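Taking it in order: structure first as structure tokens, then the write-up.
The values are calculated or read from the model by the stated rules, or taken from the named source; none is laboratory data. As the structure is a computational prediction, the values presented were derived from the model and not from experiment. For neighbour counting, all protein chains shown are included, and Cβ atoms are generated from backbone atoms with ideal geometry for every residue, glycine included.
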Amino acid sequence: MKVLVVDDNINSRKLLVKILVSNDYEAVEVTNGKEALDFLKKSKSGLIISDIMMPKMDGFTLIKEVKNNPETKDIPFVFYTAHYVSENDHLLAKSLGASRFIVKPAEPNELLQEIQNVLDEYEAGLIKPKEKIIVTDEEYYKQYSERVFRKLEDKYSELEKTTSFLNTVLENMCDCVVVVDPELYVTFRNRKISKVIDCGIKPGEKLPDSMSFDVTNIKSDSHNVFETRVAKNEDDFIYLEGTVSPNINESGETMGYTLVFRDVTERKQAEKQLLNSKLEAESLSRAKSEFLDNMSHELRTPLTAIIGFSDVLCAGIAGDLNSNQLGYVNHIAKSGKHLLEIINDILNVSKLETCRMELECEKFSVMEVLDEVFAVSSSMAFEKNIDLRFDCDIKVDEMYADRLKFKLIMSNLLSNAIKFTSDYGKVIVAAEKKDSSLRVSVSDTGIGIPENKLKHIFDPFIQADTSNTRRYSGTGLGLTLVKWFVEMHNGSVRVESEEGKGSTFTFTIEDQGSRW
């Protein structure tokens, strides 16, 4: 069964065709009554389903032509419409010979059932074409004109409501809206313009040069963002930011452009202040770095002498010392070395903050470095009777990385573990290598870290408890340096801890030779 579908709405037409084809009907589609008549002159159809409101020739005129033509008057005709839905419209359709009058949108099953009913009635002879559809053309045109006039009134009323609604939306927008023609003459501007710009954008006038744009650069498939500075009045400027969109009609012609923009002067001023603050902060940072560099040099020189001569005295090179004297000198040497470590930490942080520190990679033995760190830390562990253990994967061997920074990572983690572990506790170091990654963990049975302090544990100058700074000493820079040194090796560090039971710090670093 061939069904002729007549509808100018492409979505409605395609949907109806899809429903018909999926139920074994052969569907032919056209967009208006004139095209339908042209088709019927060349081909036959078993059923016509038509909309009413269409360009060139509407549905009422189409059915009149079909039913007054001896060759097509027998074809069942069904109206399927969303606009002409009144009782009078229904009666006019019936008087013109329509078999059914169905209102859009109908459920597919109900629509198909109505179509089948029409075809069954036609086959059974229950639907017969009228010998004469209307008495005179005058009567038809009178009824037809009344319906069209009423529909035009309805459409005009709808258009007025839509226009009023759109005007309300546009006039109350927080953004400025300007519509221009292809030559960039203003055809519309909303009231927000007068609150932002005192002059320069008026209907009938050309867009100001400061807001003009090259129409050849405006793309229809993307947001065309612009930013400009315009005169707010004779004495002041403001910054505007927005988008330009082409107004393209159904034929693909550009009818003009719509500009939507807003005043971003406050943001621009804030950005300028932020930039100035940034430059000032960078200047202060450089001054701080220079100060730290100078101070570290000035402090290191006497400290080196203090530590060096203390070692000379401890070794007895300058003469024998009694036990009290030896204790005093050892205390001087120990305090000097501790102060030197603090100075080195501060200097390292300063270099990292100003991006003046880089990796100095070399090939080295991981085990050799770990042994060196253990040798230094074992005396601290011995003093507190801490069980210091080492669990190393046999595969851990050579690595291409920054040897000194790796040693500092291990020294900081191990010294922290021993420092915050009570007497007779345990500290375990484990290491394993997988592919190009080295994974090391340092676990202790120390005081642990409160849960609410964990997220800040790697921040500069932070200890889990401020009272610990006085009890255990330290700058709070050790873990900050650990994190930065690890990340310089494309690695990561994390901590697991339970207050009162201990902590485990685990880090992974990448062999830098595998990156090339």
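Values computed for the structure shown
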read-out: Some residue of the stretch 338-360 being surrounded by fewer than 14 Cβ atoms within 10 Å (Cβ to Cβ) and among the β-branched types (Val, Ile, Thr); value: no
read-out: Test result for Lys18, in contact with a strand residue (DSSP E or B) (Cβ under 9 Å, 6 or more places away or on another chain), in the same structural domain as Leu112 (by TED's automatic domain parsing) and not in a loop (DSSP other than H, G, I, E, B); value: yes
read-out: Residues of the stretch 414-426 satisfying the condition of being buried (at least 20 other Cβ atoms within 10 Å of the Cβ) and within 20 Å of Leu347 (Cβ to Cβ); value: Asn416
read-out: Residue check for Ser411: assigned by TED's automatic domain parsing to the domain that holds Gly448 and either part of a helix (DSSP H, G or I) or among the hydrophobic types (A, V, I, L, M, F, W, C) (or both); value: yes
read-out: Verdict on Leu438 being under 30 Å from Glu499 (Cβ atoms), in contact (Cβ under 8 Å) with a residue 60 or more places away in the chain and part of a helix (DSSP H, G or I); value: no
read-out: Test: residue in the stretch 299-315 that is loosely packed, with under 11 Cβ neighbours inside 10 Å and aliphatic (A, V, I, L, M); value: yes
read-out: Where a residue in the stretch 252-273 is more than 12 Å from Val196 (Cβ to Cβ) and its partner, wherever it lies, is assigned to a helix (DSSP H, G or I), with Cβ under 9 Å and at least six apart; value: Thr254/Val215; Tyr257/Val215; Leu259/Met211
read-out: Scope the stretch 1-13; condition in a helix (DSSP H, G or I) and surrounded by 14 or more Cβ atoms within 10 Å (Cβ to Cβ); matching residues; value: Ser12, Arg13
read-out: Subset of the stretch 300-323 [β-branched (Val, Ile, Thr) and farther than 15 Å from Gly336 by Cβ]; value: Ile317
read-out: Residues (assigned to a loop (DSSP other than H, G, I, E, B) and either free of Cβ contacts under 8 Å to residues at least 12 places away in the same chain or surrounded by 15 or more Cβ atoms within 10 Å (Cβ to Cβ) (or both)) located in the stretch 25-45; value: Tyr25, Thr31, Asn32, Ser45
read-out: Those strands (runs of 3 or more DSSP E) lying entirely in the stretch 224-287 with at least 1 residues out of contact with any Pro (no Cβ under 6 Å at 6 or more places or on another chain), modelled with pLDDT of 90 or more and surrounded by 11 or more Cβ atoms within 10 Å (Cβ to Cβ); value: 237-248, 254-263
read-out: Of all residues in the stretch 246-282 being charged (D, E, K, R) and more than 25 Å from the chain's Cα centre (by Cα), the one that is farthest from Met173 (Cα to Cα); value: Glu282
read-out: Every residue from the stretch 91-101 that is under 18 Å from Ile75 (Cα atoms) and either outside the structural domain of Ser12 (by TED's automatic domain parsing) or surrounded by fewer than 18 Cβ atoms within 10 Å (Cβ to Cβ) (or both); value: Lys94, Ser95
read-out: The one condition in (1) buried (at least 16 other Cβ atoms within 10 Å of the Cβ); (2) small (Gly, Ala, Ser); (3) free of Cβ contacts under 8 Å to residues at least 60 places away in the same chain that Gly319 fails to fulfil; value: (1)
read-out: Positions within the stretch 100-127 being at pLDDT 90 or above and hydroxyl-bearing (Ser, Thr, Tyr), in sequence order; value: none
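Table: residues versus (1) free of Cβ contacts under 8 Å to residues at least 60 places away in the same chain; (2) aromatic (Phe, Trp, Tyr); (3) out of contact with any helix residue (DSSP H, G or I) (no Cβ under 8 Å at 6 or more places or on another chain); (4) more than 27 Å from Glu496 (Cβ to Cβ).
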| position | (1), (2), (3), (4) |
| --- | --- |
| Leu347 | yes, no, no, yes |
| Ser350 | no, no, no, yes |
| Lys363 | no, no, no, yes |
| Ala375 | yes, no, yes, yes |
| Asn385 | yes, no, yes, no |
| Arg389 | yes, no, yes, no |
| Asp402 | no, no, no, no |
| Phe406 | no, yes, no, no |
| Leu414 | yes, no, no, no |
